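Novice: My questions all concern the structure below.
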């Protein structure tokens, strides 16, 4: 998932070389509409990347996830998941704040303090037990809240479905993470811990996806198209923090005090 | 972390029930009626899934429930989208038959996984005058509970399910993308989709026999 610079450059190079999907002629308005809805002008390239990803997944990612699930009991895996989410708190908090979500910022901060202490370094999600469930947030979503469009759909091996906005957000989140800098201070122990965290993040994420991806691969007649559609819809939902489409984002960049009372839907 | 919840959503929709739809429903949908409808249909479905009748009998019962509770025609048409008019009348007929079969088989192939399933009703909310979103929490043994929203419309005077939504991902939209992509990639041949659906149904039937 990480060590990203070179693969990204390589990708951009391939992007420049790759063929584009053909836009349907204007005489077929429905086909044009579908083309625009899929938002995938780089489809041939993306499908190649999807094939590459599946190869990596079959020989490496999925077996690692199965191995992880087989050897570590559920409570340990839950602890790992909690700890990883806790380590992401500074980045989540930054994005909560940048989106003007006062209430969610406070929740993230309170969770971080409680779970890091009473939750023994984040292994136990004690905050959730007292009514403060966690949420994630990333800079791709922040850019979207600020009004930036997603750009064309991209499928990145290992990382999965994405787009230029979310990819840039991913880079910013890594750069903004205090732990990224803590592990690069030349101390080999810190560095090893940092890489362990990245490795665990990949394995934990893939483990959580075993059934979902198996199910898509089994039931979809075109898993690539299914993933593309599901990713884009789901991102939209995350960007709105689960609020129904059309409702105004609650107090964006405002005080955030009204955050729990969505205002009436504005006329579009 | 997002990919995990995204795929949880996809898992929920793709395994939980490929029920989707859009239809020219006009009548106003009452929020309490919609919630009561989801509750009673859910109870029937759960009772069937958890019963120890033979698979074939359970599949038949599930088929019956789905035909009553889901606007199969409307959903099927919505999913085929612009290709509906490209299809010949025979292809349209064949498609509807295969679509219903896919819906039923997708569920019956997973009877084992649904042993012990439970659900509880969440909040219902009016989306438009025509439809209501009813939230449910689905619980299966050894699996984290997940939330599904059922879009209920008035279809010809009675409530029917027209879409299933998990974490903002609408199943009928996802499936329309999937089917359309299969047809586009075969040079606009609806028959290619029908072939793929037949193969899928055969695979699901084989899995059910296991």
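The values are calculated or read from the model by the stated rules, or taken from the named source; none is laboratory data. Predicted, not measured: the structure shown is a model, and the values here were computed from it. Please note: Cβ atoms are built from the backbone with ideal geometry, for glycine as well, and neighbour counts cover all protein chains shown.
Novice: Can you tell me which of B:112, B:122 is in contact with a strand residue (DSSP E or B) (Cβ under 7 Å, 6 or more places away or on another chain) and at pLDDT below 90?
Specialist: After applying the criteria, what remains is B:122.
Novice: If you check B:191, B:147, which single one turns out to be surrounded by fewer than 23 Cβ atoms within 10 Å (Cβ to Cβ) and either touching a strand residue (DSSP E or B) at 6+ places or on another chain (Cβ under 9 Å) or in a strand (DSSP E or B) (or both)? Even if it seems obvious, please write down each step before you answer.
Specialist: Values: B:191 fails: either touching a strand residue (DSSP E or B) at 6+ places or on another chain (Cβ under 9 Å) or in a strand (DSSP E or B) (or both).
B:147 is the lone residue from the list that is surrounded by fewer than 23 Cβ atoms within 10 Å (Cβ to Cβ) and either touching a strand residue (DSSP E or B) at 6+ places or on another chain (Cβ under 9 Å) or in a strand (DSSP E or B) (or both).
Novice: Additional query: Within segment A:191-227, can you find the residues that are at the interface with chain B (Cβ under 7 Å from one of its Cβ atoms) and within 14 Å of the chain's Cα centre (by Cα)? Can you show your working first?
Specialist: Step one: of segment A:191-227, the residues at the interface with chain B (Cβ under 7 Å from one of its Cβ atoms) are A:205, A:208-209, A:211-213, A:215-216, A:219-222, A:225-226.
Passing the criteria: A:205, A:208, A:209.
Novice: Which condition breaks for residue A:152 when tested against (1) under 29 Å from residue A:232 (Cα atoms); (2) assigned to a helix (DSSP H, G or I)?
Specialist: Among (1) under 29 Å from residue A:232 (Cα atoms); (2) assigned to a helix (DSSP H, G or I), residue A:152 violates only (2).
Novice: Mind telling me which of the residues B:178, B:167 ends up being at the interface with chain A (Cβ under 8 Å from one of its Cβ atoms) and under 16 Å from residue B:99 (Cα atoms)?
Specialist: Values: B:167 fails: under 16 Å from residue B:99 (Cα atoms).
Only one candidate passes the filter, namely B:178.
Novice: Search segment A:229-246 for residues being assigned to a helix (DSSP H, G or I) and more than 7 Å from chain B (Cβ to nearest Cβ), and hand back the single one that is farthest from residue B:125 (Cα to Cα).
Specialist: A:232
Novice: Please state which of the following conditions residue A:180 fails to meet, knowing it meets all the rest: (1) at pLDDT below 90; (2) closer than 27 Å to residue A:40 by Cα; (3) not in a loop (DSSP other than H, G, I, E, B).
Specialist: (2)
Novice: Also: Could you grab me the full set of residues in segment A:187-201 that are in contact with a helix residue (DSSP H, G or I) (Cβ under 7 Å, 6 or more places away or on another chain) and in contact (Cβ under 8 Å) with a residue 12 or more places away in the chain? Working first, answer last.
Specialist: Here is the first cut: in segment A:187-201, the ones in contact with a helix residue (DSSP H, G or I) (Cβ under 7 Å, 6 or more places away or on another chain) are A:190, A:194, A:197, A:200-201.
Hits for segment A:187-201 are A:194, A:197, A:200, A:201.
Novice: Here's something else I'd like to know. Could you run through segment A:129-141 and say how many residues are part of a helix (DSSP H, G or I) and either at pLDDT 95 or above or surrounded by 21 or more Cβ atoms within 10 Å (Cβ to Cβ) (or both)?
Specialist: Summing the residues that are part of a helix (DSSP H, G or I) and either at pLDDT 95 or above or surrounded by 21 or more Cβ atoms within 10 Å (Cβ to Cβ) (or both) in segment A:129-141 gives 3.
Novice: Among B:42, B:81, which is the only one that is over 28 Å from residue B:192 (Cβ atoms) and either more than 17 Å from the chain's Cα centre (by Cα) or modelled with pLDDT of 90 or more (or both)?
Specialist: Values: B:81 fails: over 28 Å from residue B:192 (Cβ atoms).
When all the criteria are applied, what remains is B:42.
Novice: Looking at (1) surrounded by fewer than 17 Cβ atoms within 10 Å (Cβ to Cβ); (2) touching a residue at least 60 places away in the same chain (Cβ under 8 Å); (3) in contact with a helix residue (DSSP H, G or I) (Cβ under 6 Å, 6 or more places away or on another chain); (4) more than 30 Å from residue A:54 (Cα to Cα), which one does residue A:104 not meet, given that it meets all the others?
Specialist: (1)
Novice: Would you mind finding the one in B:162, B:117 that is in contact with a strand residue (DSSP E or B) (Cβ under 8 Å, 6 or more places away or on another chain), more than 12 Å from chain A (Cβ to nearest Cβ) and buried (at least 22 other Cβ atoms within 10 Å of the Cβ)?
Specialist: Details: B:117 fails: buried (at least 22 other Cβ atoms within 10 Å of the Cβ).
Matching residue, one of B:162, B:117: B:162.
Novice: Here is a follow-up. At least 1 residues that are within 14 Å of another protein chain (Cβ to nearest Cβ) in each: list the helices (runs of 4 or more DSSP H) lying fully within segment B:42-92 that qualify. Step through it out loud before you land on a result.
Specialist: On the way: elements: B:55-69, B:72-80, B:83-86.
Here the list reads B:72-80, B:83-86.
Novice: Taking residue B:134 as meeting all but one of (1) free of Cβ contacts under 8 Å to residues at least 12 places away in the same chain; (2) assigned to a strand (DSSP E or B), write down the number of the exception.
Specialist: Evaluating residue B:134 over (1) free of Cβ contacts under 8 Å to residues at least 12 places away in the same chain; (2) assigned to a strand (DSSP E or B) leaves (1) as the failure.
Novice: Go through segment B:173-188 residue by residue and tally those that are in contact with a strand residue (DSSP E or B) (Cβ under 9 Å, 6 or more places away or on another chain) and not in a helix (DSSP H, G or I).
Specialist: 0
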